[in-house]
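Before any comments, here is the structure.
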Amino acid sequence: MKSVIEQYNSMKEEHQQLLNPSSEVKFWQREAAILRQQLENLQENHRQLMGEQLYGLSVEDLQNLENQLEMSLRGVRMKKERILTDEIQELSQRGNLIHQENVELYKKVNLIRKENMELYKKAYGTRDLDTSGGNALDSYGFDTGEGLHVPVHLQLSQPEPQTYNTPNRDKD
């Protein structure tokens, strides 16, 4: 409460001074000088953080600067690790969703394949079509002839002589 009253009083004094033109100029000159000094301090600090103009620093100052840089670097690494962890979790979730979609699509393909087999059986009669082994339909529903189980007898034999009929030429 006391600080609020003090702050009010100081603002009231500054406001009274601003009403006087000569004191207003002095006020803004002071503000400009303070801001120039802050800017110089920030620029010097920035140069030191970049490793420049370290010649006037003591060992203790250099140690403090090193500690400040290490803490900043630790914060950067933690932020980077957090971002990468979040990305990994997001990609993992996306991978799981894609896997679930893949499983559902596989189930749908199998269901359609079964329906195609039933339609094939209805259309061409019920032959011995084994869906697990010798499937008469390939994966696209086309007849490959593999499941028809027709015996084939092969036998070696001598080639039969071929008779070639050549037209007779008249002799002159």
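The values are calculated or read from the model by the stated rules, or taken from the named source; none is laboratory data. Just so it is clear, the model here is predicted, and its values are computed rather than measured. Because the Cβ atoms are built from the backbone with ideal geometry, glycine has one as well, and the counts that use them run over all protein chains shown. Ligands, DNA and RNA are stripped out before the accessible areas are found, and what is left, the full protein with its side chains, is counted by its heavy atoms. Shrake-Rupley method; radii C 1.70, N 1.55, O 1.52, S 1.80 Å.
Which loop GluC sites (Glu not before Pro) in the stretch 1-92, with loop taken from DSSP, have no more than 16 other Cβ atoms within 10 angstrom of their Cβ? Present the calculation step by step, with values, prior to reporting the outcome.
Working: sites: E6, E13, E14, E24, E31, E40, E44, E52, E60, E66, E70, E81, E87, E90; in loops: E52.
Counting only loop positions with at most 16 other Cβ atoms within 10 Å, the GluC sites (Glu not before Pro) in the stretch 1-92 are E52.
Does the stretch 1-130 come out rounded, prolate or oblate, given a ≥ b ≥ c as the square roots of the eigenvalues of its C-alpha gyration tensor, rounded meaning a/c under 1.5 and, failing that, prolate meaning a/b above b/c? Taking the square roots of the gyration eigenvalues as a ≥ b ≥ c, the stretch 1-130 is prolate.
Only sites in a loop by DSSP and with at most 11 other Cβ atoms within 10 Å count here; which chymotrypsin sites (Phe, Trp or Tyr not before Pro) in the stretch 14-112 make the cut?
Working: sites: F27, W28, Y55, Y106; in loops: Y55.
Passing both the DSSP loop test and the Cβ count: Y55.
Gain in length, W28 to E52, computed as 0.36 nm per residue apart minus the alpha-carbon separation, to one decimal in nm?
Result for the pair: 5.4 nm of gain on full extension.
Excluding ligands, DNA and RNA, the accessible surface per residue across the stretch 1-107 is 93 Å² with a 1.4 Å probe. The alpha-carbon of K121 sits under 17 angstrom from the alpha-carbon of none of the lysines, leaving out residues fewer than 8 places away in its chain.
Extension gain, H99 to A123: 0.36 nm times the residue separation minus the Cα-Cα distance gives 5.1 nm.
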